[in-house]
Every structure is written in C-alpha cells, then in structure tokens.
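Written out below as structure tokens is the structure these notes cover.
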Amino acid sequence: MDIIRVEGGYSLNGSVQVSGAKNSALKLMAATLLAPGTTVLQNVPNISDVHVMGKVLKRMGATIDVVDEHSLAIDTSQVDSWEAPYDLVAKMRASTAVMGPLLGRFGRAKIAMPGGCNLGARKIDMHILGLEALGVSFDTDHGYIYADAGEGMVGTTVTLEFASVGATENLIMAAVRAKGTTVIDNAAREPEIVDLANMLNDMGAQISGAGTPVVTIEGVEELHPVTHRVVGDRIEAGTFIVAAALMAGDEGVEITGFSTVHLGMVIKKFELMGLNIERIPGGVRVYRAQHIRPMDIQTLPFPGFPTDMQAQAMVLSALADGSSIITENIFENRFMFASELVRMGADIRIEGHHAIIHGVPGFSGAQVSSPDLRGGAALVVAGLIADGRTEVSAIHHIDRGYEHFVEKLVGLGAHVERVSVPDSLDD
Ligand code: EPU
C-alpha cells in the first residue's frame, strides 16, 4: 500500500502546469466510439481513471496507441461489442458515459449497473428517462442495463429535472445520431460539456447552445475522427490555488494550463476570503493569504461553486478567522473528508448537508485516510501547512484524478513523498 507523507511548513515557489481535465477526457474518450477511425486526443491526463476508460474501449475492440504521455490515438473502427462490463464500471462509474455513444453508433448498449459509490447513491435515472424520450427501451437483468434503440432514436425535447453533467453528456452523445432535432432543457453547463460539444461538432455533429441551459442537437448521419486537445483541469488548478494561498513564498506561485473563466465563482469566493489571486496569461499567480476571512459557500452546478472544490474550500475555512458554513447541494455523502480534517485539529460539525466550521489557528499533522478523490487531495494540501508530519492513506483515490500530484508539489518545493508501507501491521 502506498501513502503520501507530507512534512508541513515548507513554502512553495515557482510554477505548476495543470493537466487536461479528467472529467472532460473521460467523456471525449467515450465519444470516439461515435466516429469510426482514429481520433487523437491531446493533453490527456495520465491518471488511473483514464486508464480504466482505455480498458473499457479496448474490451469493445478499440485499439489505443499511446503517442506520448499525454496523447492517445484511439482507433474505434473495429469496435464490435457494446458492453461495459461490471469489473470496469465498478472501478469507475464514469464508464457509463459509453452508453450514449454506443446507442448513437450501434443502437444498443449493455452497461453494468453502477451501484453506489462513496459520494452516495448516484443514480442514473435521468440518463435513462432522457434516452427513453428519444425512443430507447431499457431492460435490466442480472445486474446489467440493456438499452435498445430499435429502429433508431428520434429527436425530441428532454427536460432534465436537475442539470446533471452525466445525463447531459450521455444525451448529447446519443442525440447526435438521432433523427431530427433534440432539445435538452435544463442542461448542465460545465466547461467539460462545452469541450465535448466542440469535439463532436468538429467530428461533424450539429450542436448549439452547449454551455447554456438549452442545448439543441440536429442529428447527423455520420461522424468522422478528429484531433482534439482536452481542456485544462479547472479543479486541479483550484486545488493548487488553495495550496499556494496557504504556503506560497514571497514571489507567489504561478498556476497555468487552465482558463480562469472556468473557475470564476471559486476565484470570486476565494478573493472574498482574502486570497490574493492575480490573473496572468494562461492562469493565475497566487500569493500567500495573510489572513483568511470566514465565508459561507454552497455547492451548485456550474457556474456555481463546484462540489469538486468543496473539500479544498473547507481547508481554507477551517483556518479562517471566524465561522463559516459550507452547504453541499450536489452529492449526499461528500463530507467524509471533514472528519479526517478534524483529526488534524479542525473544528467542524456536520448537520445534514451543512458543515459548520469554526476556524482554528493551525492544523497538526496526523495519519488520515482519503475518503474520495477531492477529499484526498485536500488532505495532502492541509498537510502542507500542518505542524509536523501528515500521512495520507487510501491514495488510490488521488491517483484517479491528479496526475503526478506528488511530483508537482515537490516541484514547487513541498516536502512530500510517496511511500510504500506494509498493508497491515498484523502481517
Ligand atoms: N443524479 C441523479 N440521477 C441521475 C444523474 C445524477 O439523481 O440520473 C444526481 C447524482 O446522484 C448527484 C447529482 O445528481 O447527486 C449530480 O450528478 P451529475 O450527474 O451532475 O454528476 P456526475 O456526472 O455523476 C460529474 C463529475 C463529478 C462532479 C459532478 C458534478 C465526471 C466523471 N464526474 O459527475 O466529478 O462532481 O459531475 O459536477 O464527470 C470528481 O471529479 O471528483 C467528481 C466526482
């Protein structure tokens, strides 16, 4: 078992480049199924979730050529299976993103039911309701969902009950091959959806309105392969902003490779908390916060404050000069991180989907466990300012979404290392 060991108290200097966005790359990989031939994706993060999506595509018959660490040439011309098997869906729920593309290309899909995960139940009912409206029929048997588009999907208006990222993406990827016009009302507006629509349009799709609540898709007969660069990871950028705000040296830390427009609400809230964030070409320079003001934050779909930055924001609030409330509106179970931060000296009380946080003067290094991807990264960041040594376990969660996290922090001057430890002291 690997852990991340952090010696707190070392200042950060220099610059860091964020990788391509996990939540974009995974869907773009799935979308290559729609365009038989070889699509080249650039700026793909080298993270374990991308490896899982690669396996999903390979099981279906795709071949993937790793051109360089961040470029994949995905050939989907020989794909002859439309199944996402349980062993891979259980590893990564985002495997369900192949449902829309498989329906678009083959008119059918067999997807293992995802079940719960450590963010809660995370249903896919909205994906299914939307696809049913396009004429897809669903059956479930032995833990699998069977989707069948029969004579083909027909465009219609789908109103989503909630602006779900995954449902919007699956619907777009199916509707590009439906007959006629599909309108997705109350669509999610995340930048990763715009990235997906941009690539699909380059492939020959006709999608308008991506990034707004109403997305219109005119079905087309075929899509062709392209070369596409994955958008920069706004959440990785936000994570480094928090690290820099806590520990930057006099010169500040430069964070590049992303668009500040994609992090608008986060930067606004952080500035209100007293962070000093300077916009520079391709990113930001962040100086150490002399004084962190308390702030109430609620997570909301884009352009609101992202749930994927909730844990990192809690690290800042936990050191603020006063009390803050963080309200989690997207996932039912995303406060597991708080009890780990309490082990480091934070004062946090959870009531339903609210966290009440009373600022403390500092953290003390401790052994903690990553509850999930973002929570794990936030614990490492908390360790940077903690007194003494912090050891973060269950770091496979961090590996899912942060490329070379330890190396990037070390590059900034942090004293962080990945260490192998025996699985259990009883062994
Ligand atoms: N939901 C339903 N039914 C559905 C779909 C969603 O009830 O059919 C609920 C979910 O259970 C959840 C909420 O709606 O409570 C939001 O879900 P959404 O579909 O918007 O999220 P997602 O597509 O499952 C993506 C990201 C998450 C990110 C959320 C919100 C990927 C692979 N995952 O998940 O990323 O938090 O959007 O922005 O794109 C992460 O990167 O750490 C991560 C969890």
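The values are calculated or read from the model by the stated rules, or taken from the named source; none is laboratory data. Predicted model only: the values in this text are computed from it and were never measured. A quick note on method: Cβ atoms are made from the backbone with ideal geometry, for glycine too, and the neighbour counts reach across all protein chains shown. For accessibility, only protein heavy atoms count, side chains too; no ligands or nucleic acids. Shrake-Rupley method; radii C 1.70, N 1.55, O 1.52, S 1.80 Å.
Restricting attention to the stretch 64-91, the residues that are open to solvent by less than 80 Å² (accessible area, probe 1.4 Å) and either over 24 Å from Ala175 (Cβ atoms) or assigned to a helix (DSSP H, G or I) (or both) add up to 12.
Restrict the check to the stretch 189-197 and report whether at least one residue is within 16 Å of the ligand (Cβ to nearest atom) and more than 24 Å from Thr307 (Cβ to Cβ). No, there is no match, as no residue in the stretch 189-197 is within 16 Å of the ligand (Cβ to nearest atom) and more than 24 Å from Thr307 (Cβ to Cβ). A single entry from Gly383, Gly411 fulfils the requirement of being open to solvent by less than 40 Å² (accessible area, probe 1.4 Å) and touching a residue at least 12 places away in the same chain (Cβ under 8 Å): Gly383. From the set of residues in the stretch 331-349 that are more than 16 Å from the ligand (Cβ to nearest atom) and assigned to a loop (DSSP other than H, G, I, E, B), which is farthest from the chain's Cα centre (by Cα)? Across the stretch 331-349, the extreme among qualifying residues is Gly345.
Take the conditions (1) in contact (Cβ under 8 Å) with a residue 60 or more places away in the chain; (2) surrounded by fewer than 24 Cβ atoms within 10 Å (Cβ to Cβ); (3) under 21 Å from the mean Cα position of the chain (by Cα); Asn198 misses just one of them, which is (1).
Scanning the stretch 278-314 for residues that are acidic (Asp, Glu) and away from the ligand (no atom under 16 Å from the Cβ) returns Glu278, Asp296.
Of everything in the stretch 165-177, what is near the ligand (Cβ under 8 Å from one of its atoms) and open to solvent by 20 Å² or more (accessible area, probe 1.4 Å)? Give them in sequence order. Those that are near the ligand (Cβ under 8 Å from one of its atoms) and open to solvent by 20 Å² or more (accessible area, probe 1.4 Å): Val165, Gly166.
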